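Below is one structure; the comments refer to it alone.
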Amino acid sequence: TSAAAAQTLVDASNKARSAALLCQDCDPAIAALQRVGNYYKTPGSGAAALLQAARTTAAPWSTMAQGKRLSEQVDLLFSRHSSEDLLYALFFVLHARTIEIDLVRYTINPTWEKGLIQNAAEFANMINCCGDKIFAAISDPDTKATIDLLNKCDSRDQVGSYRVIVSYETPQLEDFSLCILQQNNVFGCDASILTSPRVPLLRKWQGRGIDEAMARQILIGHLDHPEAATVSQKKPWSWKVVCGANPAYDTFPAQHQVFYPSERSAAAIWYDPVFKVETLDGRQVWTKRHYRCTPRHVDDDLQGEDGSSFGAWTFSTLDNGIISKEYWTTVDAADDLSWVVLHYSGAAAVVGQSYLGGLLCSADGKWPASAREGKELERIRLAFDKCGIQLWELYGHGPPGESSDSGPSRSFMWTDAHDKWAIHHPPPLEPIGDQSVQAWRKAEKERLAAKSRAKSTE
């Protein structure tokens, strides 16, 4: 029975002197046992509940109050139903109670865990280094609202914090972040690109060993460009994302990838991801990023058969004042470019964030028809396995069901509701080109302002 199971868990937890007991989608009798340290999510009724509430409110620096914050954070992450968020929920509790974990070591938030002295020192350092940027940021209502929301959201929660940022992007926020984080690293954060798993390169495509031109053609994919492969479908985009394994990336729907060569560098490629953001205040807007992609050398055992590193790339971008660097790997691709599997591992060092994931992409964002079963499905499965990812971990679109006659259901990224919305709100797919994203945004705002003025005079 549930009562017997609950008592068994209590006895085992007490015997092991466990730091926490966490529950997800459990029977109410089991869920009532959740605790972190000496904080109980369901402390009972009467005096015990009143005393716990009083202690967590009156002493927010106490271990009981910390346990309350961790328990609420666990509930939030568990509610997203992704393997990545489940792991981070465990990491947060383990880091706070048992062992230091580098992945969740740093935070740019003022917290009770840091203590009054460290919080005050960080604030003073911010004022000394970037007082003018801070004043400009808090003087702008949208930017101030963004900063307030970020302070309420744990910066280590990459899904939550990034959704706040993309909901309210302003020049003041970018200047604020660039000064405090990127230029002065006020919070002393650091993070490195994760080197595990070690993902091997795709070695053959269309029956031949991968060379430089082929590696570029796979990324350029279906874009209507002279350098594209002959099997390209000549679209305004290279790929559409079907699904991925990192919710910080894949929680945003309608992801278009636009890869194209640089006009200033023979080796470099530009990557402009274009995706839809459902903002915190209920709006639907397109957002665009701009990465520079350069060839990367990999270790001997990961190289192609001829000892080359074609298909390994380093991506870099300045995103809202923060520099991110990522290692991307072409893991596998269909000869007709009906699908591609890509792996990435990156870091935003000055906010202490490391991340990794994998993507399945196709020309239309649907699970490729040729890979609903048989050898092609197995190839995709093996490609993700090389990335340390199982198909059940994919976020937004699982693999096709074995008993399905009509193939897989559509990804949440490409819904009928989105298709109707996009008719009147087409994505901004024009390549940014050899300029910064900041210069492009400025030009776009000037263009839209001029268009609005012209319309008002009609």
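Descriptive notes on the structure:
- Val350 satisfies every condition listed in (1) assigned to a strand (DSSP E or B); (2) closer than 27 Å to Val166 by Cα; (3) of a type outside the set (Phe, Trp, Tyr) except (1).
- Some residue of region 153-173 being under 27 Å from Thr294 (Cα atoms) and without any contact (Cβ under 8 Å) to a residue 60 or more places away in the chain: no
- If the condition is being more than 23 Å from the chain's Cα centre (by Cα) and in a helix (DSSP H, G or I), then region 423-439 contributes Ile423, His424, Ala439.
- Restricting attention to region 132-143, the residues that are charged (D, E, K, R), out of contact with any Phe, Trp or Tyr (no Cβ under 6 Å at 6 or more places or on another chain) and open to solvent by 80 Å² or more (accessible area, probe 1.4 Å) total 1.
- When region 101-131 is limited to residues that are more than 24 Å from Thr56 (Cα to Cα) and acidic (Asp, Glu), the one that is surrounded by the fewest Cβ atoms within 10 Å (Cβ to Cβ) turns out to be Asp102.
- Hits in region 326-347 - residues which are part of a strand (DSSP E or B) and among the aromatic types (Phe, Trp, Tyr): Tyr327, Trp328, Tyr344
- Among the criteria (1) closer than 24 Å to Phe252 by Cβ; (2) over 18 Å from the mean Cα position of the chain (by Cα); (3) free of Cβ contacts under 8 Å to residues at least 40 places away in the same chain, the one Phe275 does not fulfil is (2).
- Selection count where residues are open to solvent by less than 50 Å² (accessible area, probe 1.4 Å) and either in contact (Cβ under 8 Å) with a residue 60 or more places away in the chain or under 29 Å from Asp419 (Cβ atoms) (or both), scope region 287-314: 15
- Of all residues in region 84-95, those satisfying the criterion of being more than 15 Å from Ser155 (Cβ to Cβ) and either open to solvent by 50 Å² or more (accessible area, probe 1.4 Å) or over 18 Å from the mean Cα position of the chain (by Cα) (or both) are Leu86, Leu87, Leu90, Val93, Leu94.
The values are calculated or read from the model by the stated rules, or taken from the named source; none is laboratory data. Keep in mind that what you see is a predicted model, and the values were worked out from it rather than measured. No Cβ is skipped: glycine too gets one built from the backbone with ideal geometry, and neighbour counts run over all protein chains shown. What goes into the accessible areas is simple: the full protein's heavy atoms, side chains included, and nothing from ligands, DNA or RNA. Shrake-Rupley method; radii C 1.70, N 1.55, O 1.52, S 1.80 Å.
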